[in-house]
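Derivation of every value follows stated rules applied to the coordinates shown; laboratory data play no part. Keep in mind it's a predicted model, so treat the numbers as computed, not measured. All Cβ positions, glycine included, derive from the backbone under ideal geometry; neighbour counts span all protein chains shown.
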Amino acid sequence: MFVWHNDKARADHPDMTIPSTSDLCPNPIWRFRDLPAPGIQGHPEIAAARAPVWFEANRARIKADGADVDRPKAQAAETAEAKTMPTCVVEVVRGARPW
């Protein structure tokens, strides 16, 4: 999943808990306090079919922030793979998967 953000949940924010980390993003999943109110950092909607158009439309803004454009554009996953994290978050909220 493509991860690039100017605004993000921070682990040091008093209302946020970061239950997961990755090499690509230090806070890919967060939740509000200890409530089942999660959020994700990432863009599952930028899957392989949509990536070329989305990245080109946002190229200037992404590059201005110092992020690479061509690598994630070329590595965009198919829709089912890109939506793995949001699916897991939904399972957590429903109680079917532990935090």
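General remarks:
- Sites ARG61 and VAL93 - FRET efficiency at Förster radius 35 Å, r taken between beta-carbons, to 0.05: 0.65
- Evaluated at q = 0.20, 0.23 Å⁻¹: base-10 log I(q)/I(0), Debye formula over Cα of segment 16-94: -0.96, -1.09
- Selection from LEU35, VAL53, THR79 lying farthest towards where the dipole of segment 16-94 points positive, charges on Cβ: LEU35
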